[in-house]
Amino acid sequence: MRIAAFGGVYANPHALRAMLEDARARGCERLFNLGDLGGFGAECDAVWPLLTEFGVESIAGNYDIAIGRGDDDCGCG
């Protein structure tokens, strides 16, 4: 079974779609997002529907956790 693991989407749905389509074209059956969906980009709302459309399994990164907790920053150091 082929898988694809990625992270650091940073609210860029255009690059995310290209990567997901490429992974599927290469025969990846399972897709895993390792976190950091938002943070820098302007199109946060366009990311989640792509993850759902492609059946991506996700874990939270430090940005996702910080946003969920309402922190002032990501704690990136």
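FYI, it's all coordinate maths here, none of it is from the lab. Note that this is a predicted model, so its numbers are computed, not measured. All Cβ positions, glycine included, derive from the backbone under ideal geometry; neighbour counts span all protein chains shown.
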Task: Single match in P13, P49 (criterion: surrounded by fewer than 13 Cβ atoms within 10 Å (Cβ to Cβ) and within 15 Å of the chain's Cα centre (by Cα)) - done: P49
Open item on the list: I'm trying to understand the selection: among the residues of the stretch 18-34, which are under 10 Å from the mean Cα position of the chain (by Cα) and surrounded by fewer than 18 Cβ atoms within 10 Å (Cβ to Cβ)?
Closed with: F32, L34
- [ ] Check off (1) farther than 23 Å from R2 by Cα; (2) surrounded by fewer than 16 Cβ atoms within 10 Å (Cβ to Cβ); (3) of a type in the set (A, V, I, L, M, F, W, C) for C44 and give me the number that stays unchecked.
- [x] (2)
